[in-house]
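What follows is one structure encoded as structure tokens, with my remarks underneath.
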């Protein structure tokens, strides 16, 4: 394929440019089918992330299924010691796999129900071969399923709670009937369901308002709100299998217990008001007086039927589901936000993470060590004390390296010439010096001010300008970009663009040309550049002064900038890749590159190529900076950045952690 360059025509409209780029991309993607699909890249960690549901195969508690917030279903056959991805359900990455039911009469039949993030969609999927193959059951297609159960006495009978109401199937999910009143203003948005262990006509339904009950299979319903605070979202309902008149319900207002089959509830004391968003209740299968309550502020446990509760974890654990091993009730697993799966072998007294193989982290930064190309550092967001930075020396085993980061999100990572690792966080900059394990803050801003003072010189009053140090203050905003390769360290934050000439001990800077929030920065010796979505500024004195740079008028949104070793400045933008050899006097376009709306652009010194990617695509391109030849890889995932580590390409994603190319992928797709 002929690859060329094109002088930027400043009269070309942005709309025409986008149409041309999109047309070329369509032509190229169609042509690539001739070469066949590449093998998808492999998620390699860091282990953990958000987990929503845990279920074991009846009679085989070592065989577990796990649901996530990204449409993925995992499986473990060794009790959770190791996990592997089993299947992806749904059309995109937004399905929350909240309910997994293994058929009580056929362990090979597995049902998975879910709902989509920020949408009203969802659905129900079934596998008849233990999860190897799946089909969507059309009767609930598009339904946001918030609760799902199987009747204990009739495996063919299934119940689903949706935004519409309560639905029932009597033929294993093939057909469905709404059994709550159609158009009801009360029984809708059904968050929890429970079916009487002896009578499938007795059904409890917890809504985003209050709990309801039917004793005749849905022909009539009545509210069971006595003792429950009004406007209580009911997240979970459980029935004692030996004493069905004992019913527990959890709500945003607390935990309730009924000894009259729901006709009267009393509020259970002992859980703080801040922790009362109890998402799940789970009864010990051997000790009915023992009940676990998974809240947004930790796991609580009662051993006396709810008279007293004790918190079993730290308050920063958000519990989504609880599994108690029926063969060994001391073994308890938690599905949590941020910390993945937590496992206990002492009935909840202590927990350890059990996430080997679970790759659900939201990674926004990836750094490959300059002296050890097999070592990677990954910066994650949203995980607080369970996140920060992770390090791996082999691309499979990861270790959390976050002491001193105080739970801050990590948006950027860079390495200085002396080996110091620098993290740009949600609250300024931190540094990890070689040989240490503790991050230290590097966020002191000390600007030099020019003050005018009147002095008397030889009897004459004159104004004298003096440069003085301003009072130090803390850089506490979000760090958007870092570059430590130039004559001074360079950083962009929500407060402005800053430079440091003392290895981060102090920083100088402010909004550039009155504007803060530059998305990308790049340095080439004393020459520095910083990019907004709509423009670029440049400094030729290591950040002391800044000037606007001319850019092609066709560009409507810039995402990244980078320098190659010869001083060429590259721009990754919505319209593709542009570059200038002369500081912005003239620009050229990487012609016919079939990728637009770029999110990351990076010059990889090991490959001696420019690597580009887009979150809207699963393709990666490497461009030769001299010849403009390029080659491509198909990752199978939407990614946000690509690097090389240990002789292979690695990528980061918002939903699947770090991804690694399969063996031999470098030989496919060369152009």
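The numbers here are math on the coordinates, done by the rules we state, and not lab data. The structure presented is a predicted model; accordingly, all values stated were derived computationally and were not measured. Virtual Cβ from ideal backbone geometry, glycine too; neighbours counted across all protein chains shown.
Points to keep in mind about this one:
- Gain on full stretching of the segment that runs from residue 473 to residue 631 - 0.36 nm per residue minus C-alpha separation: 52.2 nm
- Put in line by how crowded their Cβ is, counting other Cβ atoms within 10 Å and starting with the fewest, 475, 607 read 607, 475.
- For 527, 454, order by how many other beta-carbon atoms lie within 10 Å, fewest first: 454, 527
- Using a simple spin-label model with pseudo-atoms 7 Å out from Cα toward Cβ, residue 105 and residue 136 lie 2.8 nm apart.
- Taking 7 Å steps out from each Cα toward its Cβ at residue 526 and residue 153 produces label points 8.8 nm apart.
- A Förster radius of 45 Å, combined with the Cβ-Cβ distance separating residue 607 from residue 289, puts the computed FRET efficiency at roughly 0.10.
- Net lengthening on full extension, residue 198/residue 345 (0.36 nm per residue, minus Cα-Cα): 49.7 nm
- Helices in the chain, meaning DSSP H runs of at least 4 residues, each add -39500 (n - 2.57). Divided by all residues, the mean residue ellipticity at 222 nm is -1000 deg cm²/dmol.
- If you model the range 545-621 as an ellipsoid using its alpha carbon gyration tensor, with each semi-axis the square root of five times an eigenvalue, the axes come out at 20, 16, 11 Å, biggest first.
- Cβ crowding within 10 Å, taken as a proxy for footprinting-reagent exposure, orders 267, 310 from fewest neighbours to most as 310, 267.
- The distance between label points at residue 273 and residue 487 comes to 6.0 nm (points 7 Å beyond Cα on the Cα→Cβ vector).
- For the chain, the longest principal axis of the C-alpha atoms and the axis of helix 14-32 are separated by about 60°.
- Label of the coordinate-derived value, semi-axes √(5λ) of the Cα gyration tensor in Å, listed as (i) 53, 31, 23; (ii) 54, 34, 22; (iii) 37, 30, 28: (i)
- Amide N proximity, the range 176-195 versus residue 230 label position 7 Å along Cα-to-Cβ, cut-off under 19 Å: 185-188
- Building the convex hull from the alpha-carbon atoms of the range 218-330 and averaging its projection over directions returns 7.3 nm².
- Rounded FRET efficiency, nearest 0.05, which uses the C-beta distance separating residue 117 from residue 245 and R0 of 60 Å: 0.95
- Residue 328-residue 455 FRET efficiency (beta carbon distance; Förster radius 51 Å; 0.05 resolution): 0.05
- Estimated at 0.36 nm per residue, the fully extended path between residue 501 and residue 586 surpasses their Cα-Cα distance by 27.4 nm.
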